[in-house]
Amino acid sequence: MEFGPALYHEFGEAWKKRDGYRLAKTISPDLTPSQLSNIWQSANGAGSYKAARDDDVKAAIKRGLSSSPARLDGISQKEIKGWVEVYFTYWQAAGILAQVQQTSSWTNAYEQWKALINALIQGYNSHEFEAWTIPCLYVAGKHLRLFAMQADENTSVNDNSAAAFQDDFDPELQKHQKLEDCARVLNRVFSLCLSDRAPLEESRKWGLYYIINLLFKTYFKLNATGLSKNVLRILTAGRGDMPDFHAFPKSQQVTFKYHEGVLCFLEENYAEAEKHLTEAWNTCHRDAMRNKELILTYLIPCHLITTHTLPTEKLLEPFPRLQKLFLPLCRCIKKGELHKFDLALQEAEDEFVKRRIYLTLERGRDIALRNLIRKVFIAGGFEPVAKEGDKPVRRTRIPVAEFAAAISLGSEEKVDNDEVECLLANMIYKGLVKGYISRERSIVVLSKSGAFPGTGV
C-alpha cells in the first residue's frame, strides 16, 4: 500500500475500531518487490520520497496521519509522533526490501527492520500506544526472525568463500550472529508485555504467548534450549497476574504446548512431555497437518517409553514422512526382531539425530526384546494338568538356553547364557518382566500372574 490517502484511511479506520490486526497489515512486508518499491517512491506533499530528506518524509507522514479521512478524534499528538516514527522506519525498510533480491543485502534489511521494532517498543514506552495494537508487534517480531535467518545465511555464504584465504577463520563464530541479536530484541518485547501493569482487559500481556513462541523458535534454532527454560521460569513466576492460558488463541496454545512438551522431552521427563504434547495434539486444528506431524514426532517416542504403545498404521496414514521413519521400527518391535530393529534404527539415524529422538527410540530395543521373551514364554505352552478339570497353567520355569536360542535368532549373532542372564536381569529391573533368575538351575522363573506387565500375558 503506497504512502497516501489509502494508507492513512486504513490507519484511521483501524484506530477508530481498535482493530490491531488491520493496523498490523499496514506495516507488513509481505508484499511484492514492485509494491515495496511503490511505497519507497510514493509521494505525499514532500515530492519524491526517494529524493526527500528524512525530515520532509516525517512531516508528510505526520500530515497524512493527522488529517486521515477517517477523522481521528481522541488520538494525542504524542501518539501520532510515535506512529510517524514507526511508518518512517517502515518506509525505509520498504526501500531496502524492494531491492534485496538484487543486492542480497539481508543484513541491511534486518538492521532496518530492527529499527522498526525498536520504534514500536518506544511507542509503547513513551508514546501512549495502547494494548490493542500488539498485533503490530507480532508482525514485526515474526519478520525480524525471518530476516535475521536470511542475513545469517547470506553472511555464511560470503564467509565460507573467504575462509579459503584465512587459516584462523572460525565460521561458527558468526554463524547465527543476527539471530542471536534477534533473540535479544524479542526478549525486550517479552519484557515489555510482561511488565505491563494495566488492567488485564487492556494489558499488553495478551501478547505474551505469541512473543514467547517466537522466542522458543529462535532459541531452538540457536540450539539454546536452556534459555527457553528461563522464559518458562519467568512465566511461571508471573502467572498469577496473567490472563488464563485457555483464553489465548488456540494457535498460540498449540505452539506453546508443543515447545513446552519438547523441552520436557529433551530433559527425559517423558510423562510431562506426553501431557503437554497430548494437549497440543488435542487442541491442534484438524487440517494443520504440518503441526500435527511435528507433535507426533515427539509424542510417538513418549508413548513408547511411558506406555510401551506403538502408533497404528491408520494414525500415520496422513503422514508419509513419519510412516517412513516409524513404521519399520514398529514392525520390528512388535515381532521382537532385534537385528532388523538395529538396521532400521541405523538406516534413519541421521534423521532421528536431527530431530533429537534417536536416544529415546533406541530404548525401543528393550520393548522388542521384551516381546521376543514373551514369544518364548507363550511358545513354552502349559504345565501338565495334575487332575482332570483343573485350569491349565502356563509353564513359568523356562531354561535360560531357550531364551539364548531365541535372542541369538532375533539378533542374528551368537549370544552366550551369561549375556542372556544380564539381559533378562535388566528386563526384570526395568519392570518389563516379572520373575527371577535361578543361576544354580540356569532357569528363569516367571510370575504366574502378569509375567509381562501391560501386555495381558
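Take the Cβ atoms of ASP287 and ARG321, set R0 to 22 Å, and the FRET efficiency comes out at 0.80. In the chain, taking the dipole from charged Cβ atoms about the Cα centre, the farthest positive-side position among GLY226, TYR298, HIS246 is held by HIS246. Measuring with a 1.4 angstrom probe and ignoring ligands and nucleic acids, ARG233 comes out at about 150 Å² accessible. Counting only protein chain heavy atoms and rolling a 1.4 Å probe, the accessible areas of THR309, THR218 rank, largest first, as THR309, THR218.
In this structure ILE27 has an accessible area near 0 Å², from a 1.4 Å probe over the protein heavy atoms. For the chain, the longest principal axis of the Cα atoms and the long axis of helix 77-103 meet at an angle of about 70 degrees. In the chain, the longest principal axis of the Cα atoms and the axis of helix 208-221 are about 60 degrees apart. Distant-in-sequence amide contacts of ILE443, defined by a placed amide H-H separation under 5 Å and a gap of 5 or more residues or a different chain, comprise VAL400, SER438.
Rounded to the nearest 20, the size of the Cβ-charge dipole of the chain about its Cα centre is 1380 debye, with Lys and Arg at +1 and Asp and Glu at -1. For region 368-457, chymotrypsin sites (Phe, Trp or Tyr not before Pro) are listed when DSSP marks them as loop and at most 12 other Cβ atoms sit within 10 Å of their Cβ; the list is empty.
Suppose R0 equals 25 Å. What FRET efficiency, 1/(1 + (r/R0)^6) with r the Cβ-Cβ distance, do LYS81 and GLN177 give to the nearest 0.05?
0.15
Only protein heavy atoms count here; under a 1.4 Å probe, ARG145 has an accessible surface of about 40 Å².
Stretched out fully, how many nm does the piece from TYR21 to GLU268 gain, at 0.36 nm a residue minus the Cα gap?
Values: separation 247, 0.36 × 247 = 88.92 nm, distance 3.90 nm.
Length gained, TYR21 through GLU268: 85.0 nm.
The structure shown yields Rg and Dmax of the Cα atoms in Å, and of the options (1) 30.7, 108; (2) 63.3, 212; (3) 22.6, 81 that calculated value carries the label (1). In terms of distances greater than 25 angstrom between alpha carbons, the cross-link table entries LYS175/LYS217; LYS58/LYS78; LYS17/LYS81; LYS62/LYS217; LYS17/LYS257 yield LYS62/LYS217; LYS17/LYS257. Applying the Karplus relation 6.51 cos²θ - 1.76 cosθ + 1.60 with θ = phi - 60° to region 251-266 yields 3J(HN,Hα) values of 4, 6, 4, 4, 4, 5, 5, 4, 5, 4, x, 5, 4, 5, 4, 5 Hz, where x marks Gly and Pro.
Could you compute the FRET efficiency for SER28 and GLU313, with r as their C-beta to C-beta distance and R0 at 41 Å, rounded to 0.05?
On the way: r = 42 Å, r/R0 = 1.03.
So the FRET efficiency works out to roughly 0.45.
Which angle between 0 and 90 degrees, to the nearest 10, do you get for helix 400-411 versus the longest principal axis of the chain when only C-alpha atoms count? That helix lies at roughly 40 degrees to the long axis. Cα centroid distance between region 196-250 and region 410-457, in Å? After rounding, the separation between the Cα centres reads 48 Å.
Heavy-atom accessible area with a 1.4 Å probe sorts LYS217, LYS25, LYS340, largest first, into LYS25, LYS340, LYS217.
The values are calculated or read from the model by the stated rules, or taken from the named source; none is laboratory data. Model, not experiment: these values are computed from the prediction. Counting neighbours? That spans all protein chains shown, and the Cβs are built from the backbone with ideal geometry, glycine included. To get the accessible areas, we keep the full protein, side chains included, count just its heavy atoms, and leave off ligands, DNA and RNA. Shrake-Rupley method; radii C 1.70, N 1.55, O 1.52, S 1.80 Å.
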